[in-house]
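Working notes for the structure below.
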Amino acid sequence: MRYLTVLMLLFILWSCQGEPTQDKVESEVVTQVTNTADTVRVDVGPEDRTYVPGVRFGMVTASTTPAQLVEYYGEDNVRKDSIPLGKGYFVDGYTLFPDQPGEVALVYPNPERRVKDLQVTIDLNDTVWKSAQNGIGIGTTLEELERYNGRPVTFYGFDWDYGGVVTDWQDGGALKDHRVRLGYNFADRGKVALHPTIKGKQKVTSTSPYLKDLNIEVIQVIVRLP
C-alpha cells in the first residue's frame, strides 16, 4: 500500500474521535441485510467489491471474525499485519487482497489505540472498491461529491496531518455516513501554490473559488462498521 498508510491511520484515529482540534485535533442500502441478535447477514458473495458505510464492506460486517475473513476470501487473500499509526506506534490488523487492486487495510476495535469500530481503509489509486449506493471511491471528484451530497461539503485545509479530511456534509447531506479524504493535483502537487485560505488547520468549503483547477478528488475512503 502506498505512502498514505501513516496518514491513513491518522485519519482512522480522527474518524473514531470526531473533528480534531488542538486538544482533539482534530439511504438507501442497495443490498439486502438481515439483522439478528449477534450479527448482520449480507446477501453478497466473495466477488463483491462494494461497501455500504456502517453496514458492510464486501462480505465483512462489524461481527466478522478474523477466521471468517479467511473463510470468505481465502487464506492467500488475508494477511495479518502490524499497521503503523505514526510516531512509532503500531496496531495489529489485516491486509485483505495484498498486492492486488482490491488491497485494503482492516483494523479491529482497539481501545488502547482509541480505535472504536472495525474499520476498513481504501487508498490504492487502482482500487476496485466502490460505494454500493453511489459509486464513490478513489478518484471521485469534488464536483461529483457535491452532486451526490446535494450540497457543498466542508473539509480541512491541505498540507498538514489531517489535510483534505471531509468534516461536514452540511447538515445531514446524502453522504453524511461517508468518511473520505481529498487530495489535489496529486502528481504535480509540489508545483502548486495554494491560496492561504485553503491550507493548514482551518476548514474549507467546497464553494471556495481558490479550489478551481486543482483537480480535487477522493484519495482515501474509510468505512466504519460499528
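The values are calculated or read from the model by the stated rules, or taken from the named source; none is laboratory data. Remember, it's a predicted structure, so these values are computed and weren't measured experimentally. Backbone-built Cβ (ideal geometry, glycine too); neighbour counts: all protein chains shown.
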_Being among the acidic types (Asp, Glu), at pLDDT 50 or above and assigned to a loop (DSSP other than H, G, I, E, B) is the requirement here; does GLU71 meet it?_
no
*Starting from residues that are among the small types (Gly, Ala, Ser) and surrounded by fewer than 17 Cβ atoms within 10 Å (Cβ to Cβ), keep the ones in the range 175-202 and report whichever is modelled with the lowest pLDDT.*
ALA187
*asked:* Could you list, ordered by first residue, the pairs with Cβ atoms under 6 Å in which the first is in the range 141-152 and buried (at least 19 other Cβ atoms within 10 Å of the Cβ) and the second is hydroxyl-bearing (Ser, Thr, Tyr), at least 6 apart or interchain?
replied: LEU142/SER206
*Any residue in the range 58-74 that's on the phi > 0 side of the Ramachandran plot: show its pairings with residues that are at pLDDT 95 or above and assigned to a loop (DSSP other than H, G, I, E, B) at Cβ separation under 7 Å, as long as the two are six or more apart or on different chains.*
GLY58/ASP48; GLY58/ARG49
*Condition check for VAL55: at pLDDT below 95, surrounded by 14 or more Cβ atoms within 10 Å (Cβ to Cβ) and not aromatic (Phe, Trp, Tyr)*: no
*Quick one: is GLN100 touching a Ser or Thr at 6+ places or on another chain (Cβ under 7 Å), part of a loop (DSSP other than H, G, I, E, B) and over 14 Å from ILE219 (Cα atoms)?*
no
_Being in contact with a Gly (Cβ under 9 Å, 6 or more places away or on another chain) and either at pLDDT below 95 or under 16 Å from GLY137 (Cβ atoms) (or both) is true for just one of VAL40, VAL107. Which residue is that?_
VAL107
